[in-house]
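Data block below; observations after.
Just so it is clear, none of the values below were taken in a lab; they were calculated from the coordinates. It should be emphasised that the depicted structure is a prediction, and the values quoted were computed from it without experimental measurement. Methodologically, a virtual Cβ is constructed for each residue, glycine included, from the backbone with ideal geometry; neighbour enumeration extends over all protein chains shown.
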Amino acid sequence: MVLLALRYGSNLISVESYDENNITASIAITSIPLERRGATHYWLGLASLDDLRTNTLESAAGTLVSQYSGFWYLNQPDPSDGECVHVTITEETQSWSLTTCESLQPFMCRSKACPTGSIHCSNGNCINENFKCDEQDDCGDGSDELDCPVNCNFYLASSGDFVESPYFPHKYAPLTNCKWTLEGPQGHNILLQFQEFETEKTFDTVQILVGGRTEDTSVNLATLSGKENLTNRSFVSASNFMIIKFSTDASVERKGFRASWKTEPQTCGGMLRATSQGQILTSSGYPDQYPGGLECLYIIKAQNGRIITIEIDDLDLNENEDFILIEMEIRQKVKQLLDLLAVSTTTKE
Ligand SMILES: [Ca+2]
Ligand SMILES: [Ca+2]
């Protein structure tokens with residue numbers, strides 16, 4: 001959630017006064033249907049520090065807030081319930097409680113307002129609108145330069161389109177630096193597929209980045225060069241952003257590339273029902289690589305009195321960066337069972 005908010009240059013909302021609590025409550029109430037109020041929670045960007053021994057909460061932006069400024073539910077804050085603050089919406093107000101941080105809940109973000117004559121950067125900064133497309137990075141994350149066709153920087157926001165190197169299918173120019181920033185609807189992945197690809201090997205490269213709207217919020221998915229047959233390979237971003245960068249050196253040009261991109265709804269996570277027959281759960285794209293930036297929550301339920309068994313048959317994760325967390329719920333309290341961090345095979349729980 002914190003990542004998602006950062007991709008839009010904002011942070012999770014943190015509430016520090018009575019007025020702010022009322023404002024966020026009214027925003028939440030108007031965006032949640034009447035029949036779901038009272039049963040609906042959303043995340044505040046606050047977490048308890050040191051099990052509340054110092055009476056302090058920390059906001060997603062890193063500021064410290066006293067627990068006494070909270071609008072807590074009866075018998076809350078109880079650090080044994082978890083570390084993260086969520087709120088429960090009732091008819092017209094919201095009350096806070098602590099809970100475990102792993103569940104996927106709605107959340108609210110806050111970003112700075114920019115004065116007239118200035119524009120919003122993707123990292124939350126505001127800059128004078130005259131600094132847009134002047135080939136200088138004034139935002140600090142390059143977002144004032146990402147939508148500048150005159151400088152070969154294209155911003156494409158849709159559910160799909162195509163991207164091709166300049167002058168394709170004729171040769172591209174030496175010393176080219178182009179960038180395409182693709183943005184699909186929220187909750188969708190981006191899939192990129194090349195129809196043709198030919199550049200000077202090693203010296204003229206196409207780089208694919210996924211994660212956020214800017215390079216500093218993204219990770220490198222692939223760097224391509226040479227003559228490659230990529231028609232059977234697709235490049236997937238688990239977020240609704242993808243960046244394609246094309247750079248060439250001073251000599252030897254080829255025809256370049258043509259690729260199409262489309263979006264598809266994210267399908268990971270969901271409610272599953274355990275039965276006496278075993279069922280198989282796989283990560284997105286298995287047995288191929290899972291896309292970067294995934295965050296999936298599966299809730300497995302069984303009939304009362306039944307035991308749920310999970311057997312891991314095959315596990316291959318990026319060590320220390322990607323993980324699977326298995327938790328169980330006893331009397332509505334969630335306890336952590338297993339945290340799979342490293343590469344290993346055949347574990348049984
Ligand atoms: Ca600029
Ligand atoms: Ca070249």
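Structural remarks
- Counted over all Cα-Cα pairs of region 2-110, pairs farther apart than 20 Å make up 35 percent.
- Euclidean distance between Cα centres, region 91-153 to region 261-296, Å: 30
- Ellipticity estimate at 222 nm from DSSP helix runs (n ≥ 4, -39,500 (n - 2.57)) divided over the chain, nearest 500: -1500 deg cm²/dmol
- Here the simple spin-label model places points 7 Å from the Cα toward Cβ, and for GLN289 and ALA39 these points are separated by 4.1 nm.
- If the convex hull is drawn through the Cα atoms of the chain, its volume per residue in Å³: 177
- Length-normalised contact order of the chain in % [C-alpha pairs under 8 Å, at least 6 apart]: 12
- Legend: ranking of residues ASP134, ASP147 from fewest to most surrounding C-beta atoms inside 10 Å; resulting order ASP134, ASP147.
- By average C-beta atoms within 10 angstrom, highest first, the peptides 254-260, 214-220, 173-179, 279-285: 254-260, 214-220, 173-179, 279-285
- 5 angstrom amide H check on SER284, placed H, neighbours 5+ away: none
- Potential lengthening of the chain between LYS301 and SER80 amounts to 77.2 nm, from the contour at 0.36 nm per residue minus the alpha-carbon distance.
- Likely footprinting exposure, LEU230, LEU209, fewest C-beta neighbours within 10 Å first: LEU230, LEU209
- Placing +1 on each Lys and Arg Cβ and -1 on each Asp and Glu Cβ, with no other charges, gives the chain a dipole about its Cα centre of roughly 900 debye.
- Positive-end residue of PRO174, PHE162, PHE197, charge dipole of region 159-208 with Cβ unit charges: PRO174
- Projecting the Cα atoms of SER48, ALA60, LEU98 onto the charge dipole of region 2-110 (Cβ charges, centred on the Cα centre) puts ALA60 farthest toward the positive pole.
- Nonlocal amide H pairs with PHE154, under 5 Å, H built at 1.01 Å: CYS148, LYS179, TRP180, THR181
- Projecting the Cα atoms of PRO149, THR24, ILE300 onto the dipole axis of the chain, where Lys and Arg carry +1 and Asp and Glu carry -1 at the beta carbon, places ILE300 farthest toward the positive end.
- Stretching the chain fully between GLU329 and THR63 yields a gain of 92.6 nm (0.36 nm per residue, less the alpha carbon separation).
- Proportion of all alpha-carbon pairs of region 22-85 beyond 18 Å (%): 42
- Residue-by-residue Karplus 3J(HN,Hα) for region 135-151, coefficients 6.51, -1.76, 1.60, Hz, glycine and proline x: 6, 10, 7, 8, 6, x, 10, x, 6, 6, 10, 7, 10, 9, x, 5, 9
- Counting only alpha carbon atoms, the long axis of helix 18-31 and the longest principal axis of the chain meet at about 70°.
- Extension gain (nm, one decimal) between LEU315 and THR202, 0.36 nm per residue minus Cα-Cα: 37.3 nm
- Database note for the chain: Cys without another Cys beta carbon under 4.7 angstrom, CYS109.
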